[in-house]
Amino acid sequence: MCGIVGYIGKRKAVDVIIDGLKILEYRGYDSAGLSVFDGKKIVTVKKKGFVGELEKNAEGLQGFCGIGHTRWATHGAPSDSNSHPHLSGKFALVHNGIIENFDDIKRQLKEKGKRFLTDTDSEAAVRLIDDMYEGDVLKAVCGAVKKMKGSFAFAILCKDFPDKVFVVKKQSPLVVGLGEGECFVASDCMAFSKYTDKAVYLKDNEVGVVDKDGLSLFDFNLNKKNFRTEKTDIGDDYRLSENCSSFMYKEIFESPKALQYTAADFFADTATQKQVIDIFSKHDKVIMLGCGTAYNACLVGKNVFEKMLDVDCETELASEFRYKNPKVNSNTLVIAVSQSGETADTIAAVKLAKAKGAGIAVITNVRHSSLTRFADVVLHTKAGAEVAVAATKSYLTQTLMFLLVATLLREGSKVSEEIKKQILKLPQTAEQALKFDALMQKYAKKHCQKQSVFFIGRGMDYALAAEGTLKLKEVSYIHSEGFAAGELKHGTLALIDKNALVIAIATQRNVAEKTVNALHEVTARGGKVILLTCFEKLKDTKGAEVILLPQTGGLLMTAPAIIPLQLFAYHMSVERGINPDKPRNLAKSVTVE
Ligand code: G6P
């Protein structure tokens with residue numbers, strides 16, 4: 001959560017910072033702020049609200065060096081004063097992460113007579129650095145961070161060094177972009193990718209000085225460190241075209257391309273295939289874990305693995321797994337799924353599993369993300385940049401990755417052309433599913449005032465129900481739950497009356513009719529039902545509005561079934577006057593606990 005940027009070079013810093021913050025708004029958007037050197041002093045502007053609000057107030061600011069921040073509040077409500085940068089003496093600081101012992105630091109500094117002006121943990125960091133400063137910024141910063149517990153990526157300005165940005169990383173992501181006579185700092189290289197494709201991804205416990213000519217990097221004992229410059233390969237996906245006003249909508253429509261690239265890349269990448277075969281041969285138990293939508297992709301993954309492979313397989317919420325005493329050892333392979341690769345709970349779960357000797361495979365959309373550093377095998381989904389908080393195309397590529405891996409393990413390194421052809425047809429099926437857009441808009445208009453929506457299905461369809469319900473609640477704020485269809489009668493049926501909408505998913509031959517039975521239980525009690533099925537014979541199911549999906553075969557039904565549900569959630573959001581890209585209280589990349 002929270003996005004930070006920094007700039008030093010030849011351009012107007014405020015323009016680069018605002019542009020970068022707009023791109024990073026997916027990381028939080030309750031307030032934003034920036035500090036720039038105007039030639040003589042550090043000038044700071046901070047505002048509650050979107051980056052657009054800050055932009056209006058920062059217009060005309062001069063200077064070539066600065067830092068900026070877009071916030072997702074953890075400590076202290078969104079307000080002008082709680083916004084970053086936080087200031088103390090000669091310093092301005094922006095922070096992504098949480099300083100867990102900020103209360104102790106605050107108390108100690110207060111005893112020394114320091115005054116605090118905000119409710120944030122981040123202010124404790126800047127006041128501590130200021131307190132320890134005796135002319136050497138790096139020394140003060142290293143001294144201060146050694147006293148801090150928690151996670152942090154900082155970008156810092158010091159009045160005594162108007163042509164430098166100081167950076168620190170522990171757990172939260174931070175990347176430095178190297179340009180010609182200019183450098184950039186950001187939580188995500190998307191923020192500067194239009195200026196340079198050369199990036200240095202900081203590791204944990206590194207501190208650095210960035211000036212227009214480059215980066216110097218040190219450990220927290222100020223020993224100089226070498227670093228590797230990576231090439232970023234960001235396309236244009238993170239910008240909206242003129243004729244599309246929503247990232248969520250745009251990204252749903254990018255699903256065919258995302259599926260195509262992911263499958264083609266996997267089939268071409270024999271080195272990764274070899275690693276996959278190798279690592280599975282060494283482990284006899286699989287645990288799939290993730291958070292939110294990534295966890296829902298694991299539910300699909302488990303269904304796929306159980307149907308296609310003879311493997312002992314479990315799924316776990318990463319946020320739960322990390323606080324258990326999980327039965328994990330060197331026979332266990334953990335498959336961690338994360339679009340961003342930065343989710344704090346998923347990283348902590350993986351660290352725990354690794355410490356217990358487990359093998360680690362990571363399915364992620366971001367090649368250089370923090371999670372990949374713990375991986376024995378990285379399975380890179382090729383969804384392209386995903387900006388909307390609600391994950392859409394990335395979910396489809398994660399579920400596809402499970403299918404690709406299972407296919408490879410079942411077929412061996414020579415996957416037959418016939419099977420490849422079937423999988424490579426998926427993008428086409430996704431295209432067909434996108435044609436339900438107008439229909440889903442019609443349903444959204446009809447049902448947007450509903451107070452509760454239930455999603456039901458069995459087996460794989462239950463996994464899809466879990467994602468359908470999450471999409472709907474996160475962008476429409478309607479109460480919604482996903483159920484195993486057989487469980488409805490064990491309690492939830494009590495909630496069904498004429499005001500309830502139930503969306504039933506029946507794409508798996510062995511359980512489709514059972515789901516339809518549950519549907520009849522709903523209609524008998526006056527509830528409204530929409531049925532998504534690929535079976536012709538169910539198209540006249542009494543009492544239900546039926547959406548006949550393209551038939552692709554059981555395990556390939558994720559895309560055709562989920563795309564209409566994503567479109568439904570999107571249109572429900574719009575009909576209810578909500579911005580689907582920025583749902584309240586949420587952020588896309590959750591880098592704090
Ligand atoms: C947040 C987002 C969800 C996302 C989850 C996991 O909660 O709002 O949309 O699914 O994080 O994110 P990850 O990047 O690990 O897939």
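The values are calculated or read from the model by the stated rules, or taken from the named source; none is laboratory data. If you're wondering where the values come from, they're calculated on a predicted model, not measured in any experiment. Glycine gets a Cβ as well: all are built from the backbone with ideal geometry, and neighbour counts include every protein chain shown.
Checked against the criterion of being over 18 Å from Gln339 (Cα atoms) and touching a Gly at 6+ places or on another chain (Cβ under 8 Å), region 217-237 contains one or more residues that satisfy it. Among the residues of region 346-381, those identified as assigned to a helix (DSSP H, G or I) and more than 14 Å from the chain's Cα centre (by Cα) are Ala348, Ala349, Val350, Lys351, Leu352, Ala353, Lys354, Ala355, Thr372, Arg373, Phe374.
Report yes if some residue within region 339-346 is touching a residue at least 24 places away in the same chain (Cβ under 8 Å) and more than 14 Å from the ligand (Cβ to nearest atom); otherwise report no. No, the conditions are met nowhere in region 339-346.
Considering only residues of region 319-378 that are in contact with a Phe, Trp or Tyr (Cβ under 7 Å, 6 or more places away or on another chain) and of a type outside the set (A, V, I, L, M, F, W, C), which is modelled with the lowest pLDDT? Within region 319-378, the match that is modelled with the lowest pLDDT is His368. Do we have any residue at all in region 316-332 that's of a type in the set (S, T, N, Q), crowded, with 22+ Cβ neighbours inside 10 Å and within 11 Å of the ligand (Cβ to nearest atom)? Scanning region 316-332 turns up no residue that is of a type in the set (S, T, N, Q), crowded, with 22+ Cβ neighbours inside 10 Å and within 11 Å of the ligand (Cβ to nearest atom). The set of residues in region 25-76 that are surrounded by 20 or more Cβ atoms within 10 Å (Cβ to Cβ), part of a helix (DSSP H, G or I) and at pLDDT 95 or above comprises Val51, Leu54, Glu55, Ala58. Listed by first and then second residue, the pairs linking a residue in region 371-399 that is closer than 25 Å to Ala465 by Cα and β-branched (Val, Ile, Thr) to a residue that is near the ligand (Cβ under 9 Å from one of its atoms) and outside any helix (DSSP H, G or I), with Cβ atoms under 6 Å apart and 6 or more places separating them unless they lie on different chains, are Thr381/Asn365; Val389/Pro583; Val389/Leu586; Val389/Lys588.
Listed here are the residues, each with its yes/no results for (1) under 15 Å from His368 (Cβ atoms); (2) part of a strand (DSSP E or B); (3) in contact with a strand residue (DSSP E or B) (Cβ under 8 Å, 6 or more places away or on another chain).
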{"position": "Ile156", "(1), (2), (3)": "no, yes, yes"}
{"position": "Phe166", "(1), (2), (3)": "no, yes, yes"}
{"position": "Val176", "(1), (2), (3)": "yes, yes, yes"}
{"position": "Lys194", "(1), (2), (3)": "no, no, no"}
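Scanning region 253-286 for residues being hydrophobic (A, V, I, L, M, F, W, C) and within 16 Å of the ligand (Cβ to nearest atom) gives a total of 1.
Kindly evaluate Ala391 against the criterion of being in a loop (DSSP other than H, G, I, E, B), buried (at least 16 other Cβ atoms within 10 Å of the Cβ) and either within 12 Å of the ligand (Cβ to nearest atom) or in the same structural domain as Tyr26 (by TED's automatic domain parsing) (or both). For Ala391, the condition - in a loop (DSSP other than H, G, I, E, B), buried (at least 16 other Cβ atoms within 10 Å of the Cβ) and either within 12 Å of the ligand (Cβ to nearest atom) or in the same structural domain as Tyr26 (by TED's automatic domain parsing) (or both) - is met. Return a yes/no flag: does region 277-285 have any residue that is surrounded by 20 or more Cβ atoms within 10 Å (Cβ to Cβ), part of a strand (DSSP E or B) and modelled with pLDDT of 95 or more. No, region 277-285 contains no residue that is surrounded by 20 or more Cβ atoms within 10 Å (Cβ to Cβ), part of a strand (DSSP E or B) and modelled with pLDDT of 95 or more.
Of all residues in region 1-55, those satisfying the criterion of being of a type in the set (Asp, Glu) and over 24 Å from the mean Cα position of the chain (by Cα) are Asp15, Asp38, Glu53, Glu55.
The condition of being touching a residue at least 60 places away in the same chain (Cβ under 8 Å), among the hydrophobic types (A, V, I, L, M, F, W, C) and crowded, with 24+ Cβ neighbours inside 10 Å holds for Ala569. Pairs, please: C-beta under 6 Å, at least 6 apart or cross-chain, first residue on the phi < 0 side of the Ramachandran plot and in region 574-593, second within 11 Å of the ligand (Cβ to nearest atom) and among the aromatic types (Phe, Trp, Tyr)? Cβ pairs passing all conditions: Ala587/Trp72; Lys588/Tyr26. Looking across region 120-179, the residues that are buried (at least 24 other Cβ atoms within 10 Å of the Cβ), among the β-branched types (Val, Ile, Thr) and touching a Cys at 6+ places or on another chain (Cβ under 8 Å) come down to Val165, Val176.
Among the residues of region 291-312, none qualifies, meaning not one is under 23 Å from the mean Cα position of the chain (by Cα), within 13 Å of the ligand (Cβ to nearest atom) and in a strand (DSSP E or B). I'd like to check something: does region 436-446 contain any residue that is out of contact with any strand residue (DSSP E or B) (no Cβ under 7 Å at 6 or more places or on another chain) and within 14 Å of the ligand (Cβ to nearest atom)? No, region 436-446 has no match at all. Out of contact with any strand residue (DSSP E or B) (no Cβ under 7 Å at 6 or more places or on another chain), assigned to a helix (DSSP H, G or I) and either at pLDDT 95 or above or of a type in the set (Lys, Arg) (or both): is that true of Ile578 in this structure? No.
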